[in-house]
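J.: Can you read through this structure? Questions will come right after.
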Amino acid sequence: MATKQYFAEKAEQTPMIYAYEHIGVPSHVGWLKVGYTTRDVETRVREQNLTGNIQYKIVLKRPAMRKDGSSFDDHLVHDILRRSRVRNPEGEWFVTDVKTVERAIASAADGNVAMT
């Protein structure tokens, strides 16, 4: 007799670090929002920008995973950016470029608290 499945299997989601920029916002030129989600990045970023009706561009999506299978979140990436003296004028917003955020993510993935 086949067993009845009562609950749908949950799809495994890879935790992601992402960065996006606002388009057409003069006060945020050169700023990147660095965030974390266990859901679809596009959906999460869209949710964050609905109320302001602000255009944005996602410039980076990377798994928030280490080689040992453990994960990290945006707080670690933020700490690494701040320790590297990347300007942080507002919350999760940094005045930086994609390559610098990529280096911070790589450092977090390697278990470092500073950029290598």
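J.: Quick check on my filter: what residues within region 47-85 are of a type in the set (Phe, Trp, Tyr) and out of contact with any His (no Cβ under 9 Å at 6 or more places or on another chain)?
T.: The one that is of a type in the set (Phe, Trp, Tyr) and out of contact with any His (no Cβ under 9 Å at 6 or more places or on another chain): Phe72.
J.: Name the pairs: first residue in region 91-108 and of a type in the set (Val, Ile, Thr), second residue part of a helix (DSSP H, G or I) and at pLDDT 95 or above, Cβ to Cβ under 6 Å, at least 6 apart or on different chains?
T.: What qualifies is Ile105/Val77.
J.: I'd like the full set of residues that are modelled with pLDDT under 95, under 19 Å from Pro15 (Cβ atoms) and open to solvent by 70 Å² or more (accessible area, probe 1.4 Å), limited to region 67-109.
T.: Listed by number, the residues that qualify are Lys67, Asp68.
J.: Continuing with this model, one more query. Given the structure, is Lys33 open to solvent by 70 Å² or more (accessible area, probe 1.4 Å), modelled with pLDDT of 95 or more and in a strand (DSSP E or B)?
T.: Judged against the criteria, Lys33 is not a match.
J.: Let me ask you something else. Inspect all residues belonging to region 44-66 and state whether any of them is assigned to a strand (DSSP E or B), at pLDDT below 95 and open to solvent by less than 70 Å² (accessible area, probe 1.4 Å).
T.: yes
J.: To continue, here is another question. Got at least one residue in region 3-22 being of a type in the set (Phe, Trp, Tyr) and at pLDDT below 90?
T.: Yes, region 3-22 contains a residue that is of a type in the set (Phe, Trp, Tyr) and at pLDDT below 90.
The values are calculated or read from the model by the stated rules, or taken from the named source; none is laboratory data. Predicted, not measured: the structure shown is a model, and the values here were computed from it. Don't worry about glycine lacking a Cβ; one is built from the backbone with ideal geometry, like all the others, and counts go over all protein chains shown. Please note that ligands, DNA and RNA were not included when accessible areas were found on the heavy atoms of the full protein model with its side chains. Shrake-Rupley method; radii C 1.70, N 1.55, O 1.52, S 1.80 Å.
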